[in-house]
Amino acid sequence: MTVCTPGPSGLRRAGALVAATLAAVALGVVPSARADAAAGALPIGDADLTQVTTSRALADGVTLTRIVRGTEPAPADQINTTTRGPWVVNVLTIDPRRARGHLKATYGDNLGQVEKTTDLVRDAGALAGVNASFFTFTANPRYPGDPVGLGLYGGKLLGEPTAEPGEVNFVVDAHTNRALTGKLTWSGSVRDRRGHAVLPLEFINHPPVVPAGCAALTDQTTCAEPGDVVRFTPEFDAATPAGAGVEVVLDRAGCVVRTATTRGTTLTEGQTSVQATGHDTAALLELTGHGCLEMSSTVTDQQGRKLPLRPGLFGVNGRYPLTANGQIVVPDGGGDSFFARNPRTIAGTSRDGTIMLATIDGRQTTSVGTTLAETAAVAQALGMDDAINLDGGGSTTMAAEGGLVNHPSGAERAVGDALVYVPGRYR
């Protein structure tokens, strides 16, 4: 246990350095000469707050650390403004050089629905895990688990990274436990094999929108407004989204199994489908007249390099980078409530490749939460050279050894997916 308490200014700097070294060792982070990595006490709240850090090993190379900063409960009407805390931070640290298990993302029975993080951890046979991606939640009650951005599971791209400026991604290779953060981009298309025509894909496993001006049209081929073209896989849900439009079901070879002038069907293993709305329905029907189609799907990193989607690769989406190359990079959110104090979930890596998953409890008198800027400061102080903000608020959850580690801001929320650490090598 490490306790940081205020003291005479001459001793405070030395005490902070010792505490930082102990905390770095507990977290599996190599202490750095940079002042931010040697801060010891988290750089949030007043400087005189007491901070208590406790750590325990969950497995070889896997450590769970709990940091409590501040000792007095916050007044209920000052949760968003107090500088006295308290803050409760839980950190799961995975050293890829020593860990004998693997980190991956999991979404439960199907992509379109939601499950609690504790259930996702248990069902995956995992030792520990945290909630991960932003998902549609209440925006689409029929498919609440649909990721709003990247959803990459075992090398299968089941949700495309978006062009939204705030989206940022966390990708891990389960074979090596090596992770990267950054903004990925995607492009996809469907074409007939004779090369006569090509149709861009807008989404993967995301319900298409019927153009407002054509909402009353049962036959979407008569619509003059552009619609959506979406690829669906069997992992999405028990059935593909139903409604007006066109749907083409393809076999493993990409050849047409059936075509319907309305959407909604059940896909068997190995099948995929393409749905279209608006005037894109006519273009899709024209493509299918040639019998077999080819799909292209390309993911590239921030440097424009193609990311090979090989087995064992997992990726989730977040909103806004927190640190990059050791520097805080959060944007100024102005008065947006997203940037205000909330519960937070963080994923990041240290300079030596150590992976850290952290939760910060919030909206409670026992832990007030952090602004996005405060979240970045915590990530930097923990030694995360590169870190992103995962889904937070009521979703923020950490589970380990069969139970909750943190205290969600309400009853534990069902979420779209989770990052989980599973004992044993990935197969």
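We did not get these values from a lab; they are worked out from the coordinates using the rules stated. Quick caveat, the model's predicted, so the values are computed rather than measured. Cβ atoms come from the backbone with ideal geometry, glycine included; neighbour counts cover every protein chain shown.
Quick look at the values:
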| quantity | calculated |
| --- | --- |
| Contact order normalised by residue count of the chain, Cα under 8 Å, 6+ apart, percent | 23 |
| Summed side-chain charge close to TYR426 - residues other than TYR426 whose Cβ falls under 10 Å, Lys, Arg +1, Asp, Glu -1 | +2 |
| Peptides 128-135, 300-307 ordered by average Cβ neighbours within 10 Å, highest first | 128-135, 300-307 |
| Burial ranking of peptide ranges 255-265, 172-182 (average Cβ count within 10 Å, highest at the top) | 172-182, 255-265 |
| Reachable lysines from LYS306, criterion Cα separation under 17 angstrom, eight or more residues apart if same chain | LYS156, LYS183 |
| Nearest-20 debye value, the stretch 289-400 charge dipole, Cβ charges on Lys, Arg, Asp, Glu | 140 |
| R0 of 35 Å, Cβ-Cβ distance ALA260-ASP119: FRET efficiency to nearest 0.05 | 0.50 |
| Assigned charges on the beta-carbon of Lys, Arg, Asp, Glu; the chain dipole about Cα centre (debye) | 1280 |
| Percent of Cα-Cα distances greater than 33 Å, calculated over the chain | 37 |
| Added length on full extension, which subtracts the Cα-Cα distance from 0.36 nm per residue, SER337 to ARG425 | 27.6 nm |
| Other-chain or far-sequence residues with amide H under 5 Å of GLY245's (modelled H) | GLN220, ARG263 |
| Cα→Cβ-extended label distance, 7 Å offset, between SER297 and ALA282, nm | 2.9 |
| Rg followed by Dmax, in Å, when the stretch 187-297 is reduced to its Cα trace | 12.6, 36 |
| Shape category assigned to the stretch 236-281 from the gyration tensor of Cα positions, a/c cut at 1.5 | oblate |
| Protection-proxy order for peptides 319-330, 67-78, each taking the mean of Cβ atoms within 10 Å per residue, highest first | 319-330, 67-78 |
| Net +/- balance of residues flanking GLY289 in space, Cβ distance below 11 Å, scoring K and R +1, D and E -1 | -1 |
| Cβ-derived FRET efficiency at R0 45 Å, MET1 paired with ALA239, nearest 0.05 | 0.30 |
| Centre separation in Å (Cα based) which lies between the stretch 141-181 and the stretch 268-298 | 24 |
| Residue among LEU267, THR345, LEU285 farthest towards the positive dipole end of the stretch 256-352, charges placed on Cβ | THR345 |
| Cα lying deepest toward the dipole's positive end in the chain, options VAL230, ALA358, PRO75, charges on Cβ | ALA358 |
| Distance cut-off 22 Å, percentage of C-alpha pairs in the stretch 309-427 lying past it | 36 |
| Theoretical gain in end-to-end length, THR138 to HIS196 [0.36 nm per residue, Cα-Cα removed] | 16.8 nm |
| FRET efficiency estimate (nearest 0.05) - Cβ-Cβ, ARG310 to ALA253, R0 25 angstrom | 0.70 |
| Exposure proxy ranking, count of Cβ atoms within 10 Å, fewest first, for TRP87, TRP186 | TRP186, TRP87 |
| Residue-span extension gain [THR366 to GLU164] - 0.36 nm each, minus C-alpha spacing | 69.3 nm |
| Length-normalised contact order for the stretch 383-427 - Cα pairs under 8 Å, 6+ apart - percent | 28 |
| Options ALA212, ILE328, ALA253, ranked by Cα towards positive dipole end of the chain, top entry (Cβ charges) | ILE328 |
| Virtual spin-label span in nm between ARG66 and GLU225, 7 Å along Cα→Cβ | 5.4 |
| Mean Cα-pair separation over length for the stretch 286-427, i.e. relative contact order, pairs under 8 Å, 6 or more apart, % | 24 |
